[in-house]
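Here is the structure we will look at.
Since every read-out is calculated from the coordinates, none of them should be taken as a lab result. None of the values given here were measured: they were computed from a predicted structure. So basically every Cβ, Gly included, is an ideal-geometry build from the backbone, and we count neighbours across all protein chains shown.
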Amino acid sequence: MAEKIIGMSLTHREIIKQLKECNFPDAPIAIISSVPLSLKITSFYSDKNIQAGIISGAKEPVSIWQIKNNTVDIWREITRTAAALGAQKILFIGKGFMPSGQDGSQVHIITDHINVSGKNPLIGPNNEDFGTRFPDMTGLYDAELNSIIKSCSGDAGLLCRESICLIPKNALKLSKLEKQIIDLRNNIVVSEDVFDGAITAKHMSLHSTGFLVDKTLSKQNFNKLLKNILHRI
């Protein structure tokens, strides 16, 4: 994938160049998160949009990408950057909430999504270096990775659930259609995170999945979950 970065934005080609100059290692696993990560990370790059680093203690090098400015373009470009630096499996982490019927779940494992936002990271001219114009989105959220997250959540003593992510136009003001979708299902979690990274990864035929954390999840328990995942992924 490293030879296929010419179609990326100039900014992210420059980021890759800087990271390579700093001896950033090839990392077959990447974690991309809009939720602040407080693990021990060796930082290689930081700007107003992202922070990139490597975490040790896992079976293989894991690149960590902390999103500071949460937009569709950022998720897409970071995913492609991580892939250019060796990522074959990607775990996306974001924030989400249950619109009603809170059952105490603090971790929402995404199995599918319903996108009514009008946003998609693949809108616009397609770059064949990354994937076909209309990629197959079957199995968008990898079942094997989801199984690992579910097991790790249990080991950390956290209540998790498999959910379908509703991507609204505005999470702060749900539309009539979005409310109707929520009323028809009992396993909806609402978020504007993760989906665009997962679509971008699938476009490049990478294995990925994502989960959303509830605001009630403590930093201590979140770190415990991540450490469990790092030993399994």
| query | What's the exposure ranking of Arg80, Arg232, Arg185, going from fewest to most Cβ atoms within 10 Å? | reply | Arg185, Arg232, Arg80
| query | Binning every alpha carbon pair distance of region 137-233 at 10 Å from zero, what are the percents per bin? | reply | 14, 40, 36, 10, 0
| Average Cα contact separation per residue, the chain, under 8 Å, 6 or more apart, as relative contact order % | 26
| request: Whole Å is fine, so just give me how far the alpha carbon centre of region 134-198 lies from that of region 45-118. | output: 13
| remark: Counting only residues 5 or more apart in sequence or on a different chain, those whose built amide H sits under 5 Å from that of Val62 are Ile55
| request: Report the extension gain between Glu128 and Arg232 in nm, rounded to one decimal, defined as 0.36 nm multiplied by the number of residues separating them, less their alpha carbon distance. | output: 34.1 nm
| Which FRET efficiency value, to the nearest 0.05, do you get for Lys169 and Asp73 by plugging their Cβ-Cβ distance into 1/(1 + (r/R0)^6) with R0 = 25 Å? | 0.90
| note | Computed Rg/Rh for region 74-206 (Cα atoms; Rh = Kirkwood radius) stands at 0.97
